[in-house]
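Participant: My structure is below; once you've seen it, I'll send some questions.
The values are calculated or read from the model by the stated rules, or taken from the named source; none is laboratory data. Quick caveat, the model's predicted, so the values are computed rather than measured. Cβ coordinates were reconstructed from backbone atoms using ideal geometry, including for glycine residues, and neighbour counts include every protein chain displayed. To get the accessible areas, we keep the full protein, side chains included, count just its heavy atoms, and leave off ligands, DNA and RNA. Shrake-Rupley method; radii C 1.70, N 1.55, O 1.52, S 1.80 Å.
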Amino acid sequence: MNSIAGLLPVIVFLGFALVAAVVARQRSKRAAREGFVSEYFIGSRGLGAFVLAMTTIATYGSVSSFVGGPGQAWSIGWGWVYMATVQVTTLFLLYGILGKKMAIVSRRLGAVTVIDVIRQRYQSNALAIAAAAVMITFFATTMIAQFVGGAKLFEYVTGYSYTLGLCIFGITAILFTSIGGFRGVAVTDALCGIAMLLGIGVLAWGILSSGGGYANVMDTIATNHPEMMEPLSGGNMPIGLYFTQWLLVGVFTFALPQSVVRTLAYKDTKALHSAMVWGTVILGAMMIGVTSLGVLSAGVLTEPLEAYGGSVDNIIPQAIVSTLPPWLAGVAIVGPIAASISTVSSLLIAASSAVVKDLWLHEKEAHGAAVSETLVARSSQIITLGIGAVVFVLSLVPPDVIWRINMFAFGGLETAFVWVLLGALFWKRANKTGALLSMVGGVAAYCVAMAVGFRIAGLHQITIGITVALVLMVVGSLAGKPTEERTLEPFFG
Amino acid sequence: MSTNGKQESQSKAATSEGAVAPVSRHAEVSAGNAVRRVASGGPSGYKGRLDQATREAKATVAALAATVVVWIALGFGLAGLDVQVFHTPLWVVGGTLGTWVFAIAVCVFLEKSVFAEFDLDDITPVGQVPVQEAVRHDQEARYE
């Protein structure tokens, strides 16, 4: 198709995001109260309710929410939407379980990263290094999946090449993250959240218009695929999958470090409470809405999967192309591209913080070496740029089925951090032995199980990882030496 | 220290950590279920705020459990009924929109009846203990 009309909305949006990030960075230079590191990596703890909610949602909602997930819904039916609904708990779990304690403790410690908090609680550099390694590895995996998903979508809808799409939004995302830091990311996340909602609205209009209205679309689906109207989808959506998805994208999402870092960044408890309510409203609308579009597209895209390139990742791009004129298609793809770059920017700044603050600066401080703020600022931007460049290069050759890659990374991060964080904040007996065993052992068990395809009772390997991590946390903590009282004071009073 | 629109004039008490925190002026306790809404000032002291955060975390877990139950009841629970709402099976409407509305209601309930507003700006940073130093303190304590 090679339509400039399809390209223009994306370019306009990305330009806007870049300007917003630069402006946010200029303002943050004036507003920085706690120094560069705090400002660059957590926005000097200044996020209000709206930006807090939107940045959490945009970080969590990724291209798999907009492309992979709805693609599966096209194949499975309303059971996939029912499963996606579990995500309405994401924000209140994060804010309710960790939100207050992380804010209190991090201010007490002067901590600006999740690893800062973990290192202090468990008094272990080895654990901090392991946490940084886990974060960087799984973040890189997720970022690649996001870039690939966005570029594939771009190629499919606009007719321009995958590489061109990757260059346009990939380079923009890396630039605005490097320049804008956390505050720039948070502001652009808010813009991306709005773009996602707009994209969903436009595509909904397209699908329903093409399908002859909602009633007609639903009747078509019910006639062609009656199993899609049942929760088990004729065996395609087993109970076990519902259970493991509850764990993966519901219960344990509060432990994702890229989300947890946002609990260090809000300005007051009023902002947190407001973000919890409004964020749940917006996230539910987004996740239920976009996944439903996948099902509804089955009323318009009625051919077998082979007709659409043999991958469910092609369904939403095809729906956009089939149901919308070129200029509106360009508007519709802004949504999933926004989802992609908002996730990438959040992961990129978090990965950068792990390298700069948790590894490099900590090493310098441990040896009593002072580092000028100018050097820290320059290095932070260079490292953010560097990590982004590596991810960009690795994305040039795309892997398949984005949502599976995303779920792999989700499971790994949740396994690594859930018991470490819960133990840090709520169990005095948790110590560095338990935490180290939990993180390393749990992730190892999870990765090995994934690699060899081992499952228990047919359940996703998250069950293995989480269980092993929990057992190791408890056994290791009870076997190891209790943590000093003075170390526990900031965490328990 | 940031101001809270709900706060009335405050008295201040020095905490054991040397930080100065607003003292809670009043609280309402519902006799039936011990749900507490803390008005101006919130819990006092550093430990008080940590304890409040723990209570809120527990309430959140309970809210999750309730949401799961509702999700099951309104989805799987209604799947056997051959009822449609505007061409949509009832279980889809209940399991998705119904669960979403319940989650929102839960958030509002937590905000209004369980979660407390309190100051974060007055928390005195004590800084981070270098890990090596903590190890030496450990070793010294063992040989005392």
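Participant: Scan (1) outside any loop (DSSP other than H, G, I, E, B); (2) in contact with a helix residue (DSSP H, G or I) (Cβ under 7 Å, 6 or more places away or on another chain); (3) open to solvent by less than 10 Å² (accessible area, probe 1.4 Å) for the single condition A:MET218 breaks and write down its number.
Facilitator: Going through (1) outside any loop (DSSP other than H, G, I, E, B); (2) in contact with a helix residue (DSSP H, G or I) (Cβ under 7 Å, 6 or more places away or on another chain); (3) open to solvent by less than 10 Å² (accessible area, probe 1.4 Å) one by one, A:MET218 breaks only (2).
Participant: While we're looking at this one, here's another question. From the residues in the stretch A:450-488 that are open to solvent by 50 Å² or more (accessible area, probe 1.4 Å) and of a type in the set (D, E, K, R), which one is farthest from the other protein chains (Cβ to nearest Cβ)?
Facilitator: The selected residue is A:ARG455.
Participant: Still on this structure: Looking only at the stretch A:259-287, filter to residues that are touching a helix residue (DSSP H, G or I) at 6+ places or on another chain (Cβ under 7 Å), touching a residue at least 60 places away in the same chain (Cβ under 8 Å) and open to solvent by 10 Å² or more (accessible area, probe 1.4 Å); which one of those is farthest from the other protein chains (Cβ to nearest Cβ)?
Facilitator: So the residue we want is A:VAL261.
Participant: What pairs come up if the first residue lies in the stretch B:65-76 and is more than 10 Å from every other protein chain (Cβ to nearest Cβ), the second is surrounded by fewer than 23 Cβ atoms within 10 Å (Cβ to Cβ) and among the hydroxyl-bearing types (Ser, Thr, Tyr), and their beta carbons are under 9 Å apart, counting only those six or more places apart or on different chains?
Facilitator: Here the result reads none, with nothing in the stretch B:65-76 linked to a residue that is surrounded by fewer than 23 Cβ atoms within 10 Å (Cβ to Cβ) and among the hydroxyl-bearing types (Ser, Thr, Tyr).
Participant: Within the stretch A:289-307, count every residue that is part of a helix (DSSP H, G or I) and crowded, with 21+ Cβ neighbours inside 10 Å. Break it down into steps so the answer makes sense when it comes.
Facilitator: Taking the stretch A:289-307 and keeping what is part of a helix (DSSP H, G or I), we get A:289-297, A:305-307.
Among the residues that remain, those that are also crowded, with 21+ Cβ neighbours inside 10 Å are: A:290-297.
Residues flagged as part of a helix (DSSP H, G or I) and crowded, with 21+ Cβ neighbours inside 10 Å within the stretch A:289-307 amount to 8.
Participant: Follow-up question, since we're still on this one. Suppose we filter B:GLN52, B:GLN84 for residues that are of a type outside the set (Gly, Ala, Ser), more than 7 Å from chain A (Cβ to nearest Cβ) and surrounded by fewer than 19 Cβ atoms within 10 Å (Cβ to Cβ); which single one remains?
Facilitator: It is B:GLN84.
Participant: Could you please tell me which pairs satisfy a Cβ distance under 8 Å, a separation of 6+ or placement on different chains, a first residue in the stretch A:288-315 that is of a type in the set (A, V, I, L, M, F, W, C), and a second residue that is not in a helix (DSSP H, G or I)?
Facilitator: A:VAL295/A:GLY77; A:LEU296/A:GLY211; A:ALA298/A:GLY77; A:ALA298/A:HIS225; A:VAL300/A:GLY211; A:LEU305/A:SER311; A:VAL312/A:VAL401; A:ILE315/A:LEU301
Participant: A follow-up question, please. Away from chain B (no Cβ under 14 Å), open to solvent by 10 Å² or more (accessible area, probe 1.4 Å) and hydrophobic (A, V, I, L, M, F, W, C): which single residue out of A:ALA369, A:ALA332, A:ALA351, A:ALA377 fits that description?
Facilitator: Details: A:ALA369 fails: away from chain B (no Cβ under 14 Å); A:ALA332 fails: open to solvent by 10 Å² or more (accessible area, probe 1.4 Å); A:ALA351 fails: open to solvent by 10 Å² or more (accessible area, probe 1.4 Å).
After applying the criteria, what remains is A:ALA377.
Participant: Is at least one residue of the stretch A:42-52 in contact with a Pro (Cβ under 7 Å, 6 or more places away or on another chain), in a helix (DSSP H, G or I) and farther than 30 Å from A:LEU296 by Cα? Walk me through how you get there before you give the answer.
Facilitator: Within the stretch A:42-52, the subset in contact with a Pro (Cβ under 7 Å, 6 or more places away or on another chain) is none.
Checking the stretch A:42-52: not a single residue is in contact with a Pro (Cβ under 7 Å, 6 or more places away or on another chain), in a helix (DSSP H, G or I) and farther than 30 Å from A:LEU296 by Cα.
Participant: May I pose another question? Residue by residue through the stretch A:39-91, note down the ones that are away from chain B (no Cβ under 14 Å), open to solvent by 10 Å² or more (accessible area, probe 1.4 Å) and aliphatic (A, V, I, L, M).
Facilitator: Within the stretch A:39-91, just A:VAL51 meets the criteria.
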